[in-house]
Amino acid sequence: MLARVWAVFIKELKQLSRDRMTFGMIVMIPLVQLMLFGYAINTDARHIPVGLVDFAGNQQSRAIIGALEATQAVNFTKVFYSAEQAQQALTQGSVKAVLILPADMPRRIVDKNNLSIDSQPIGQWLVDGSDTVITGTIKGLRNFPLAETQGQAYTPIAPTFAVTTFFNPEQRSVVNIVPGLLGIILTMTMILFTSAAIVREREHGNMEFLITTPIRPFELMLGKIIPYVVVGLIQVTIILTMGYLVFDVPVRGGLDALFGAALLFIFASLTLGLVISTIAKTQLQAMQLTVFILLPSILLSGFMFPYEAMPEPAQWIAEGLPATHFMRMVRGVVLRDAELFSLQADALWLLAFTGIGLVVASVRFRKKLG
Amino acid sequence: MCGQPLKGHEEDLKQRLGYMTQKFSLYENLTVRENLNFVASIYGLRRGAAKARIGELLHLYGLQGREKQLAGSMSGGQKQRLALACATLHQPELLFLDEPTSAVDPENRREFWERLFDLCDQGTTILVSTHYMDEAERCHQLAILENGIKRADGTPQQLMQDMPANVLEISGTELRQLKQNLIAQTEVVSAAQVGNRLRVLVSKQIPQPEQLIAKWLTNQSVEVVRPSLEDVFVACTGGRHVG
């Protein structure tokens, strides 16, 4: 039995080495996507183009504007002379928000400083709410401290809660993105490569010959899967190395725990690819089915949006995706130095997924031949 | 099959069977030797034995010097020889060939059949499926199948003798019109034009087929000819054919 698995393994490696496109993709997909997303994806919005309607037009308003720009959150790119004009610009999309400083701003500032009961806000932001990230950033400016702008010593008021940030104190998105990308890239390549590899065999008629030889479906699958396990581990190494070198993403946990988690996920993804290969009749169909799995893996797994923020039914779906469990494990290991043991629920689930997937694929595969 | 019940012995039997598919089903992006090596390890040949056997097959099927060529870049005849080499690598007792020479020229086909008769001589039973009657004629035994039901079997000579119709050949002009008239007769099993002759199969229940035909003839001549396997095939399958 081992000899036959080995024969398929060697054959698959040789075919892979002749297929330059696929071979190149194994290395280029993680490299390009890591560079692209590592630099591009940023969840804290900066330099938002905003407009200004300044009815006060005094030194105080200029000081406030200067202080706001100094935060790098907003850039005042346009000046308007009426609220209507500003609203039009919002609709056109040339600015994402507009700050209106009323003519009676000096009085309002005095009221506010005196902590008078009927003190009012000193200005108003009009925000294009279609982008929630930008809205959130502008909302963050609601309690912008005024003291500095008045040349007074900053007298901080004790906040209600103190916040201490563990694991990612600088709040860099890339620290969260790189381990997540591991899951996405593995999902894509592992599922696609295996499903396509088997469907190709059927498409080219190789299967017709193979079923008359003594090779068993299980041996054939195992032999076809193993090369891609190696491929997956290579990709993991590339992503983590580049993440460390280029984006300074730390790997806090042990490498053994990390590769353990990656292996579990690779196996789960490969069996998913096998199941797809028993459904798809052509390589194109295999590709479409892969995308069908890939999109929820990107959007629901916690890669893009926090798992906790999703409604319950979406969470159930997410639980079914191997990527969700891997996302939790890999972020735990890479960022929080979690032991594989403390993530055993996710690890067990991936194992179970692999087992069930193998059985389903074997049964369906045999039926297809029979 | 091969003296064993099929059920429960599928895997053992596969060791004793060979199968060559109609379409080339080996790996086009592997070389000739890699393909042979792969098949050898699938059948569990030991390294030394595999090497000797592969050398033997390369020689037998004229593939020496092409060991490092990719299978996909070979000609139809070469691919077919490689496929036969792979199908017979483990020296099967029973060899199935599915329309083996559908994609090769006549010369390669003759060569191929030479190899098949060599295998026969060594004691291999070969089962060929084909829809080429000239190819069927080379076989020792024939069975004509229609929708999975056996319509006739025997040696080619036997089949031609026992066929349920007489064959008449009419030569002359205005054959299209004549054909239309003839196929309207229930006794006429089939009528097919071959060049400037019309080949008519008349049921053997009619003792004097020429007489039946004669009344339709205008200026054509008719003669009774030796049946071909195609006639046998047409007479045995699907009732009336008017190709």
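The values are calculated or read from the model by the stated rules, or taken from the named source; none is laboratory data. Values in this document were obtained by computation on a predicted structure and should not be read as measured data. Neighbour counts are summed over all protein chains in view; Cβ atoms, including those assigned to glycine, are modelled from backbone coordinates with ideal geometry.
Out of all the residues in the range A:199-226, which are more than 14 Å from chain B (Cβ to nearest Cβ) and surrounded by 23 or more Cβ atoms within 10 Å (Cβ to Cβ)? Across the range A:199-226, the qualifying residues are A:V199, A:M221, A:I225. Applying the criterion of being of a type in the set (F, W, Y) and surrounded by fewer than 16 Cβ atoms within 10 Å (Cβ to Cβ) to the residues of the range A:267-313, the residue that is farthest from A:R200 (Cα to Cα) is A:F305. Does the range B:14-25 include one or more residues that are in contact (Cβ under 8 Å) with a residue 12 or more places away in the chain, touching a Lys or Arg at 6+ places or on another chain (Cβ under 9 Å) and either closer than 18 Å to B:A85 by Cβ or within 13 Å of chain A (Cβ to nearest Cβ) (or both)? Yes, the range B:14-25 has at least one match.
Residues in the range B:42-78 that are closer than 17 Å to A:A3 by Cβ, within 11 Å of chain A (Cβ to nearest Cβ) and in a helix (DSSP H, G or I): 3 in all. Number of residues in the range A:82-103 that are over 16 Å from A:V50 (Cβ atoms) and without any contact (Cβ under 8 Å) to a residue 40 or more places away in the chain: the value is 2. Looking for something under 24 Å from the mean Cα position of the chain (by Cα) and farther than 30 Å from A:P250 by Cβ - is there at least one such residue anywhere in the range A:161-183? Within the range A:161-183, not a single residue is under 24 Å from the mean Cα position of the chain (by Cα) and farther than 30 Å from A:P250 by Cβ. Is it the case that B:R81 is within 13 Å of another protein chain (Cβ to nearest Cβ) and modelled with pLDDT of 85 or more? Criteria not met by B:R81. Give me the pairs: first residue in the range A:19-45 and within 14 Å of chain B (Cβ to nearest Cβ), second residue hydrophobic (A, V, I, L, M, F, W, C), beta-carbon distance under 9 Å, and six or more apart or on different chains, which are they? Going by the 9 Å Cβ cut-off, the qualifying pairs are A:T22/A:L16; A:T22/A:F193; A:T22/A:A196; A:F23/A:L16.
Scan the range A:46-67 for residues that are surrounded by fewer than 18 Cβ atoms within 10 Å (Cβ to Cβ) and either within 14 Å of chain B (Cβ to nearest Cβ) or not in a helix (DSSP H, G or I) (or both) and jot them down. Those that are surrounded by fewer than 18 Cβ atoms within 10 Å (Cβ to Cβ) and either within 14 Å of chain B (Cβ to nearest Cβ) or not in a helix (DSSP H, G or I) (or both): A:R46, A:H47, A:P49, A:F55, A:G57, A:N58. Per the listing B:D153, B:D121, B:D162, the residue uniquely of a type in the set (D, E, K, R) and under 16 Å from the mean Cα position of the chain (by Cα) is B:D153.
One line per residue, one yes/no per condition, for (1) part of a helix (DSSP H, G or I); (2) in the same structural domain as A:F365 (by TED's automatic domain parsing); (3) in contact with a Phe, Trp or Tyr (Cβ under 9 Å, 6 or more places away or on another chain):
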residue: A:F167; (1), (2), (3): no, no, no
residue: A:V178; (1), (2), (3): yes, yes, yes
residue: A:I185; (1), (2), (3): yes, yes, no
residue: A:L192; (1), (2), (3): yes, yes, no
residue: A:E208; (1), (2), (3): yes, yes, yes
residue: A:L220; (1), (2), (3): yes, yes, yes
residue: A:I225; (1), (2), (3): yes, yes, yes
residue: A:V236; (1), (2), (3): yes, yes, yes
residue: A:T241; (1), (2), (3): yes, yes, no
